Every structure is written in C-alpha cells, then in structure tokens.
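The values are calculated or read from the model by the stated rules, or taken from the named source; none is laboratory data. Quick caveat, the model's predicted, so the values are computed rather than measured. Here the Cβ is made from the backbone with ideal geometry for all residues, glycine too, and neighbour counts use every protein chain on show. Keep in mind that these areas ignore ligands, DNA and RNA; they rest on the heavy atoms of the full protein, side chains included. Shrake-Rupley method; radii C 1.70, N 1.55, O 1.52, S 1.80 Å.
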Amino acid sequence: MSNVLEAKVAKVGTDEVTGYSSYQLGSFTFRRDEYFAHVSWPKGSHIMEVDRFLRAMVRDIGWGFFYGWIFFDDIFGTTNHYGTVDIFAGSYDRGCKEAGIDFLETFKAEAVSEAFETISRDWISEGYDPLNAPLETGTPIGPKGKERTDPLLRAFIAAERMLGLEGDTPLRSEGAGQGINRAFADLEMSEPDIECEPGFEGQLHAINLFDHIARSDVTWNPSISAVTRANICCVTSEEHMLPVIHGNDRNEWFIQLTDEIHWNIADKESGAPRGRVVMKAGDVCAMPADIRHQGFSPKRSMLMVMENGTPDLEKRYASGELKPYPVDFG
Amino acid sequence: MSNVLEAKVAKVGTDEVTGYSSYQLGSFTFRRDEYFAHVSWPKGSHIMEVDRFLRAMVRDIGWGFFYGWIFFDDIFGTTNHYGTVDIFAGSYDRGCKEAGIDFLETFKAEAVSEAFETISRDWISEGYDPLNAPLETGTPIGPKGKERTDPLLRAFIAAERMLGLEGDTPLRSEGAGQGINRAFADLEMSEPDIECEPGFEGQLHAINLFDHIARSDVTWNPSISAVTRANICCVTSEEHMLPVIHGNDRNEWFIQLTDEIHWNIADKESGAPRGRVVMKAGDVCAMPADIRHQGFSPKRSMLMVMENGTPDLEKRYASGELKPYPVDFG
Amino acid sequence: MAYQTRTGSLDAYEKGVIELDDDLRKYAFSNIFEVANASQPFERVAVVQNLEYTAEVVRSEGESGWYAAPHDEFAIVMDGEITFHFVKLEDDQVPSHEGGAVRLGAKPNGPNMGRVTARRGHQVLLPKGAAYQITSASPAVAILQTCDGPETVKRWSEICVTGKEKA
Amino acid sequence: MAYQTRTGSLDAYEKGVIELDDDLRKYAFSNIFEVANASQPFERVAVVQNLEYTAEVVRSEGESGWYAAPHDEFAIVMDGEITFHFVKLEDDQVPSHEGGAVRLGAKPNGPNMGRVTARRGHQVLLPKGAAYQITSASPAVAILQTCDGPETVKRWSEICVTGKEKA
Ligand SMILES: [Fe+3]
Ligand SMILES: [Fe+3]
C-alpha cells in the first residue's frame with residue numbers, strides 16, 4: 001500500500017452556468033457538467049455519465065466502501081483496506097496500465113467518505129435519487145436545481161440479530177409509508193403464524209421477509225436481515241443494473257429469491273471478460289474472490305447475499321492462505 | 001470476408017408483459033425488456049442499456065453504416081463493406097477474443113437495414129427520439145407505449161453542391177418550424193450580404209452556416225453542407241455523447257466550429273485506450289484510420305467533419321497502399 | 001404494467017445459465033428446488049459454504065427429528081408450508097460443539113415454547129437455547145442459515161453445474 | 001439556463017489538449033486562429049489534407065490577388081468580416097490544372113459578377129468559372145474547402161502539436 005495521504009476534500013470552484021462546484025482530493029479533481037462527471041489526475045482524465053457516477057458514488061459511501069474493489073466503471077473506483085481507501089483510475093484496466101496512465105492514491109477512509117458525500121450533496125438536486133431505480137426517479141442531467149434536504153444516503157440497515165426482533169431493526173411496513181413496490185404487487189403475502197406458550201413471549205420470532213424486501217424503495221442497496229456470528233446475511237431488491245462492478249476481496253454467495261439477474265463476470269485484475277451467469281429463482285451461486293461482477297435485473301427481483309465478515313479475512317485471501325473460491329469438491 | 005448470409009429479419013415472439021417483440025437475423029437474436037437490449041449469438045450474449053442501443057442503432061441505419069466500424073459499445077457493432085455489412089460481437093475486443101466468444105456474420109446491407117429498422121420501429125415509442133439529445137427527449141425505458149407515426153429515421157441530409165442553392169437541399173429556417181437550439185440562443189446571427197450584378201443572379205451564393213447548424217433538432221447526425229468532388233464536408237450539432245464508437249476505414253478530419261468536444265481514442269483492433277483529444281473552437285484534428293474514437297460534448301457544439309468519399313478508398317487503406325494517417329511531415 | 005414475479009417451487013422451477021471461461025466448480029452453481037427434489041426428507045444439504053458458515057437446503061416432508069445448535073439459526077421457507085415446534089433447553093442441554101445443528105436422540109424433555117407455521121417468503125428464528133422439530137403435511141422447502149456441523153450434507157459434485165454433466 | 005457558446009477569434013482563442021500514447025503527428029492537431037495569427041495575409045495554409053483534398057486557413061487583411069480553381073471552392077468565415085469580389089471567366093480562362101486555387105497575374109478582364117460580404121459563421125460559394133478576390137478592412141479568418149494546389153502552403157511541423165515542442 002502506498003503512502004496514506006492526509007488530504008481532505010477542497011472546493012476548487014463553481015461553474016457559473018451550471019451551478020455545480022468542482023472538488024479536489026489529493027491528486028484527483030472531480031467536476032461535473034450537465035451530462036458528465038469528469039475525474040482527472042496527473043496522468044490522465046476520465047469521463048462518465050453523471051447518473052452512472054452518482055449511483056455508484058452514493059452506494060460506495062453508503063456501504064462504507066464494502067468489501068474489496070468498487071469499480072464505478074472499468075476505469076475508476078475505490079478499494080477498501082478497512083481504515084484506508086484507495087482511489088484508483090485505470091489501475092485494474094489492462095489498456096490503461098499498458099498506456100501508463102493508471103494512477104492510485106490511498107486516503108484515510110473518513111477523508112474519502114467526506115469527499116464523496118460533499119460531491120454527492122452538491123451534484124444531486126431535488127427530484128433525483130440515485131438509490132432509486134431509473135423508472136422510479138428523475139434524472140440528474142441538466143443544471144443544478146433545488147438542493148435536496150432529505151437524507152441523501154440511506155446506508156446499510158443493519159439488523160443485530162434478526163429483523164423485527166424487539167430492540168432490533170424494525171420491518172418495513174405500510175404504516176411507515178413503505179408500500180409494496182409495483183413490481184411485487186402480484187405476490188401473495190401472508191404472515192407467519194406464531195403460537196407462543198405462556199412464559200416464552202418474545203422468544204419465538206418469524207417475519208415475512210419477502211414482504212420486507214418488497215417494500216424497499218431503494219435498489220442495489222443490501223441490508224442485513226439476520227446474523228449468525230460473522231456470517232452476514234443481506235437481502236436486497238434489485239432493478240436495472242448494479243451501478244458498480246464489484247471485485248470482492250473474499251468469496252461471497254448469492255441466493256436468487258425471485259425473478260432473475262444476469263451477472264457479467266470478468267477477471268478482477270485485468271477486467272477481461274470470463275462470461276456470464278444468469279440466476280433464476282432458487283439458484284445459488286458463489287462469486288469467487290478473483291473476479292469482478294456486475295448484475296443486471298430487468299424486472300425488480302429479490303436477492304439474498306451472504307458475506308463473511310470475519311475480521312482480517314481479506315488478508316488471508318490476499319496472502320493465498322485461502323483459495324479464491326469457496327468449495328472443495330474433494 | 002466470410003460467406004454472405006441470405007438471411008432476413010424474422011420476428012421470434014412478443015413479450016406479453018412489456019409488449020416488445022424479439023427478432024432474429026442470421027445467428028443473432030435481439031430482445032429488449034424495460035431497461036436493456038439483449039443480443040445473443042451461438043457462443044455468447046450481451047446486455048446494453050436500451051437508450052444507448054437505440055441511439056446507436058438509428059444512427060447506424062441513418063448513416064447507411066457510415067465508413068468502417070460502428071461500435072454500439074466495446075462489444076457489439078457493424079462493419080460496412082459497401083454492399084455487405086458485418087454484424088459482430090466481441091470481434092474487436094481483446095478479452096472476448098481471448099475467451100473465444102467473439103462472433104461475426106456478414107449480411108447484405110439491405111438485410112441489416114431492414115432488420116435494424118424493424119427492431120427500432122418496434123422498440124421505440126412516442127415521446128422518445130434517440131436522435132435528440134437526452135435533455136431534449138423522453139426516455140425509452142419502461143413498457144411499450146404508443147407507436148410513433150412520424151419518420152423514425154432522419155438520415156443524412158445530403159447537399160449536392162451546397163446547402164441553400166436553388167434545387168439543392170434547403171437551409172433550416174424559423175418558417176419551417178426549425179427554431180434555434182437553446183444552447184445557441186446567445187449567438188449573434190446575421191445574414192451575408194450578396195450584391196449580385198445583373199445577369200449573374202443565382203451564381204453568387206452565401207449562407208449563414210452557423211444558423212443552419214444551430215437549428216438542427218438532432219445531434220450526432222452529420223449532414224452534408226458542401227461538396228468538392230469526392231470531398232464530403234459535413235456539419236453537425238453535438239450534445240451529450242456520440243452514441244457509437246467509430247472506427248474508420250480511412251482518415252477523417254474534424255474542425256471544431258464552436259465550444260468543445262472530448263474525444264476518447266483507442267486502438268481500432270483491440271480497443272486498448274490511447275488517450276484523449278480535447279478540441280476547442282478553431283481546433284483541427286485528424287482521426288487516423290487505425291483508431292476508434294468516441295466524442296463527448298457537454299454543451300451542444302458545432303462540428304465540421306471532412307470525409308473522403310472516393311470509391312474503394314477503404315481497400316487502399318486496408319491493403320497498406322495508403323498509410324493510416326493523413327499528413328506527411330516530410 | 002402488470003409485473004409477474006417469478007418464484008420457484010418443487011414442482012416448477014427454471015434453472016439459470018452459467019457460461020464461463022473458468023472452472024465452473026469455483027462458482028458452485030446449484031438450485032435449491034433441484035437439490036430439494038433430489039434429497040431425502042430433512043437432509044440438510046449445503047448449497048452455500050463460506051468457511052465455517054453454510055446455507056443448507058431442507059426438504060420438509062412429514063416430521064423431522066429434533067435439532068439444536070450452539071448459535072442462532074434461521075429458516076426461510078421457499079415453497080409449501082412448514083411448522084417449526086420449539087422446546088426450551090436447560091443451559092446444560094445447549095450443545096457445546098463448535099457450530100451447526102446437531103440431531104438430538106429424541107424430543108428433549110423441557111417445556112414446549114410453542115410453534116411457528118411459515119409459508120413462502122417467511123423467515124423463522126431458530127433460537128439458540130431451543131430445540132426444534134420441522135414438520136410438513138406436504139413436501140416443502142426451506143433454506144437454513146447456519147454453520148457447517150455434524151448434520152451438514154455435502155454433495156457438491158452432484159448438485160453443482162461443473163461443466164462435466166452429460167449433455 | 002443561459003448557455004454561453006464559445007467561439008474563437010484571432011485575439012482570443014483557447015487551444016485544446018492532445019494526450020495520446022501515439023505519434024501525435026498522425027493527428028495533425030492545430031488551431032486555425034493560431035495558424036492565422038502566424039500567417040502572412042492571404043497565405044493559404046493547409047490544416048486538413050485528405051489525399052488531394054484540403055482545408056486551408058486564410059488570414060484576410062487588406063486586398064488579396066485574384067484566384068481561380070477548376071472546381072467549386074467554399075469559404076467559411078471564422079472571425080471578422082470578409083468581402084469576396086467575383087469576376088466571370090470565359091470558358092478558356094478557367095484554369096485546367098488538376099486542382100486547388102491558382103493565383104492569377106492580375107484581375108482578369110471579364111464582367112463583374114458582384115460581391116459577397118460575410119461574417120462569422122457564413123459560408124460562401126467560390127464557384128468554378130469565376131475568379132475571386134478576398135478583402136478585409138481589419139484582419140479576419142476564413143477556412144477554405146478546396147483541393148491541394150499551387151497556392152497551398154504546408155508547414156505542418158510548425159502548426160501542429162507534435163509532442164516535440166519545447167515545454
Ligand atoms: Fe458483490
Ligand atoms: Fe468518426
């Protein structure tokens with residue numbers, strides 16, 4: 001890991017025509033216009049459609065940089081070192097590396113969080129929420145509008161033990177204004193029947209997990225449903241495309257609960273394609289630690305993601321102590 | 001060139017939920033859902049955001065497949081052989097080639113035109129025009145809506161000698177309902193003064209070319225302004241991003257008339273990035289015959305494109321008789 | 001637009017596709033309904049393994065034995081209807097092996113805590129400190145979120161797409 | 001939103017950027033205002049060359065000589081104001097060399113066809129069969145769409161970014 005810069009985000013200026021500000025963090029500068037986000041660094045620069053950029057950025061912050069590599073696209077992204085975070089451009093793209101324009105700087109995680117939040121806050125206006133599916137929100141293109149006053153980032157909602165337990169994260173509900181998403185309106189919903197003997201009140205617990213997922217107004221934003229020791233089981237409601245390409249520093253697993261998601265799989269280091277996995281309801285698939293993956297969900301679907309949150313696990317994979325795939329076929 | 005298939009487009013079926021039909025041409029199938037276009041072929045498949053796909057497809061037909069390679073994205077596209085057209089997937093992507101999933105079929109040009117028009121017609125609904133800039137049209141996502149009844153494709157408007165000459169292509173005008181684009185509202189416009197001696201009426205000619213360009217309601221859709229023998233001079237009004245990546249089979253030239261465009265340059269064969277060119281008003285740059293290029297115009301700008309339409313020129317470049325760059329520095 | 005949500009069941013499921021220029025075993029691609037169809041009632045077949053953590057598929061049909069684990073487990077019903085019966089364990093009855101469910105010799109003596117009946121999409125807590133029995137009148141399927149343990153059945157080569165299946 | 005259209009001029013232009021892992025000479029990147037600033041009045045400096053076809057930059061300042069070509073040419077005024085004067089040529093006066101403009105020894109004898117005064121953004125036909133003179137009260141810039149000819153000035157190494165400029 002290279003030097004950890006003590007840099008913090010700084011405003012560079014404000015465009016008079018569009019109203020958007022530009023920012024600097026270390027050697028990176030961030031600028032947007034009506035259509036594009038522009039990232040530049042000493043050896044190069046990169047243009048992304050602003051919708052794609054903002055959808056990636058708010059998730060990256062919301063997830064606390066998640067596990068491993070978060071590619072905003074093939075070129076730009078972050079790597080989580082759990083305390084520090086790399087911002088990179090072209091470092092995991094064969095073409096950029098060969099052209100010698102790749103660049104990487106390591107920052108304190110809080111500095112990157114603060115920078116990304118500052119940029120998102122300035123670049124997002126009322127009527128557009130990058131955590132919503134494209135069919136359910138407005139567009140970020142055009143000049144700066146009215147500032148959003150509601151919370152921009154709805155991070156991971158983390159159940160401690162299980163959703164809906166007393167004192168734990170509550171379930172989503174009609175009463176809280178969380179309606180069933182249009183894409184799940186056809187699902188028959190019922191409540192589990194709990195018959196508890198006197199004296200054991202609160203010790204038996206069951207929920208309608210599908211109902212909870214169906215009421216999520218955000219997409220590609222997993223939240224924890226139940227925890228077994230360091231095994232973190234997340235559920236999420238997926239529509240359109242995962243706005244990032246994820247390169248994990250450990251193995252993770254997907255269980256497709258409803259509908260289908262298409263996953264593009266590529267080599268983690270070079271980005272070279274390895275092919276695709278189409279997961280349909282009931283399918284289970286591991287995402288090995290040596291790939292990057294991006295999902296496409298044409299219809300909103302329900303996905304369960306299993307992550308192993310054991311501390312320092314990334315080091316055991318990086319050192320080769322653990323193989324980059326989960327199952328020994330014997 | 002491989003065998004030319006005698007295939008024609010065929011409808012495969014219609015999705016009951018979204019209302020969109022799927023189509024087959026040769027070994028390729030084309031399907032769309034609310035968000036994505038899906039192209040599949042015997043060895044693989046590919047997902048593209050439907051807006052990107054349709055913006056590329058209508059231009060590819062409108063241009064008559066243009067010169068050389070039209071990449072819809074890094075993976076999928078067409079190559080013009082002037083009479084026949086290749087449809088390819090991964091054939092010019094290093095990763096796909098190494099993975100062995102690349103595929104190419106050659107069709108008669110009219111068969112590809114017919115297929116792409118049939119698909120576009122079915123997949124585009126009222127309120128969305130892929131020839132317009134994103135800020136000036138609706139979105140193609142969601143289920144099939146009302147069919148558009150106006151002409152879908154506004155091809156190349158080709159002046160024979162020069163725009164506005166009697167009997168040649170007329171200039172755009174307020175009277176014809178062609179207003180000045182919002183992005184050029186600040187430009188002072190005037191008419192050239194023509195003082196013609198008696199007897200020479202119609203022999204002197206001058207126009208406000210900027211006014212003509214400023215009234216274009218389409219973007220990234222060049223039209224011919226003036227012709228010197230086989231030298232085709234095109235003008236176009238550019239906003240957002242060129243919806244294709246162009247790999248030319250000959251040299252072409254850009255003259256930036258107003259504002260600025262960022263061009264990403266990559267190797268034509270492999271797609272490996274070579275860097276970027278930012279062109280500002282008055283800049284002139286050649287696009288050599290061994291690259292692919294994609295432009296980004298944050299503000300609507302005016303661009304002049306010079307193409308050499310000499311017949312069979314592509315063969316002289318392909319054979320190596322002509323160098324893949326235009327100027328001998330001596 | 002009237003969306004149609006696709007869920008799977010023992011009787012009707014569609015398996016996806018895995019087309020990769022890689023060793024498919026690294027992805028351990030399986031389908032829980034296919035696994036359940038090929039399982040004995042109450043076999044706990046691992047479909048997910050993350051070091052010591054597992055997700056196991058159970059085909060519930062009739063009455064199971066009694067199970068307990070030294071940690072919380074969770075069940076998600078994916079098809080049919082399952083009733084979970086719970087008996088409170090004394091502290092010294094709670095199994096102390098490393099992890100995963102263990103099958104008890106018989107119904108433990110201890111107070112009935114009650115029962116939970118769950119259907120598709122329901123998630124049920126199988127709390128540490130309780131023993132549970134799984135019952136279904138007709139075949140049903142659940143996913144158990146648990147740890148690798150003495151009851152975990154591994155037959156990866158049979159359940160996963162390895163690219164070596166007969167065409 | 002009030003957009004601001006950026007045009008260039010002899011006095012104020014901003015040149016873009018070319019950052020490529022390639023021989024920059026293949027791209028022949030130049031700027032017409034920079035070229036015009038460094039040109040003698042009425043030099044026709046090639047900035048585009050597509051085999052026999054060219055675009056040439058002219059700095060118009062005062063009165064030019066008289067030109068004619070064996071094909072149509074076109075001028076686009078990019079800065080200032082330019083008046084083009086036209087004289088009709090007899091058929092046997094039309095130059096018959098391969099292409100591009102040729103400078104005539106003097107104003108040809110023939111009838112005046114008239115004149116065109118053009119400003120920024122205007123395109124003017126310089127028709128085959130006519131001779132033309134270019135005049136400007138103050139310095140102005142035009143791009144000529146024409147062919148490589150006897151008057152075409154080539155100094156690519158001077159006008160183009162080659163990556164070998166002093167820093
Ligand atoms: Fe992931
Ligand atoms: Fe091009």
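Here is the interface size for A with C: some 6000 Å² of accessible area buried, both sides summed, with a 1.4 Å probe.
Quantify how strongly other chains surround peptide D:4-14 by giving the mean number of their Cβ atoms within 10 Å of each of its Cβ atoms.
6
Once all protein chains are placed together, A:HIS38 keeps about 20 Å² accessible to a 1.4 angstrom probe. Rolling a 1.4 angstrom probe over the range B:174-318 with all protein chains present gives an accessible area of which 50% lies on carbon and sulfur atoms. Which residues, if any, in the range A:232-246 have at least 40 Å² less accessible area in the whole protein complex than in the isolated chain, probe 1.4 Å? Buried on complex formation: A:HIS240. As a rough guide to protection, the peptides B:280-292, C:88-100, A:162-174, B:242-254 ranked by mean Cβ packing within 10 Å, highest first, stand as B:280-292, B:242-254, A:162-174, C:88-100. In this structure, A:LEU5 and D:GLN93 have a Cβ-Cβ separation that, at R0 = 60 Å, corresponds to a calculated FRET efficiency of about 0.25.
Solvent-accessible surface of chain C, averaged per residue with a 1.4 angstrom probe and all protein chains in place: 40 square angstrom. Taking amide H as placed 1.01 Å from N in the peptide plane, B:LEU5 has its amide H under 5 Å from the amide H of B:THR106, B:PHE107, B:LYS108, each at least 5 places away in sequence or on another chain. Summing both sides, the accessible surface hidden between B and A at a 1.4 Å probe radius is close to 2600 Å². Just so you know, the Rg over Rh for the range A:235-330 is 0.97, from Cα atoms, with Rh as the Kirkwood radius.
Can you tell me the relative contact order of chain B? Whole percent, Cα pairs under 8 Å, sequence separation 6 or more. That works out to 14 percent.
May I ask for the Rg/Rh ratio of the range B:174-318, computed from Cα atoms with Rh as the Kirkwood radius, given to two decimals? Value, to two decimals: 1.03.
Straight-line cross-link reach from B:LYS323 at under 18 Å between alpha-carbon atoms covers these lysines, not counting any fewer than eight positions away in the same chain: B:LYS268, B:LYS315, D:LYS26.
Helix content alone sets the calculated 222 nm mean residue ellipticity of chain B: runs of n ≥ 4 DSSP H residues at -39500 (n - 2.57) each, divided across all residues, give -4000 deg cm²/dmol. Remark: the A:LEU104-A:ARG182 segment gains 23.9 nm on full extension, using 0.36 nm per residue and subtracting the alpha carbon distance. In the assembly of identical copies, B:PRO170 has its label point, taken 7 Å from Cα in the direction of the beta carbon, separated from the corresponding points by 6.6 nm (ascending, one decimal).
Scanning chain C for the beta carbon that comes closest to the axis linking it by rotation to D yields C:ASP21, 14, distance in whole angstrom.
Accessible surface of the range C:24-159, 1.4 Å probe: 42 percent of it comes from carbon and sulfur atoms. Taking label positions 7 Å along the Cα-Cβ direction at both C:ASN37 and C:ALA106, the computed distance is 3.9 nm, reported to one decimal. Remark: label point of A:ASP312 defined 7 Å out from Cα along the Cα-Cβ vector; separations to the same position in other copies 7.4 nm, ascending. The mean number of partner chain beta-carbon atoms within 10 angstrom of a residue's beta-carbon across peptide A:109-122 is 0. Shortest first, C:SER157 label-point distances to identical copies amount to 7.2 nm, with the label point at 7 Å from Cα along Cα→Cβ.
When the other protein chains are added to the chain by itself, burial of at least 20 square angstrom of heavy-atom accessible area (probe 1.4 Å, ligands and nucleic acids ignored) affects these residues of the range B:4-35: B:VAL17, B:ASP33, B:GLU34, B:TYR35. Computed from Cα atoms, the angle from the helix A:109-123 axis to the main principal axis of chain A rounds to 80 degrees. Computed with a 1.4 Å probe over protein heavy atoms only, the accessible surface of the range A:245-308 comes to 13 Å² per residue. Pair-distance distribution of the protein assembly as shown: all C-alpha pairs, bin width 20 Å, starting at 0; shares per bin in whole percent are 12, 39, 30, 13, 5, 1, 0.
Take each residue of peptide C:76-86, count the partner chain Cβ atoms within 10 Å of its Cβ, and average: the result is 3. Using just its DSSP H runs of length 4 or more, each adding -39500 (n - 2.57), chain C gives a mean residue ellipticity at 222 nm of -1000 deg cm²/dmol after division by all residues. For the range A:4-130, the ratio of Cα radius of gyration to the globular rule of thumb 2.2 N^0.38 Å stands at 0.99. Taking the empirical scaling 2.2 N^0.38 Å for compact globular proteins as reference, chain A has a Cα radius of gyration ratio of 1.04.
Summing Cβ point charges (Lys, Arg +1; Asp, Glu -1) relative to the Cα centre of the protein assembly as shown gives a dipole of roughly 740 debye. Applying D = kT/(6 pi eta Rh) to chain C, where Rh is the Kirkwood radius over alpha-carbon pairs, T corresponds to 10 °C and eta to 1.306 mPa s, the Stokes-Einstein value obtained is 95 µm²/s. Bridges between two residues of chain C, per DSSP, are antiparallel at a rate of about 95%.
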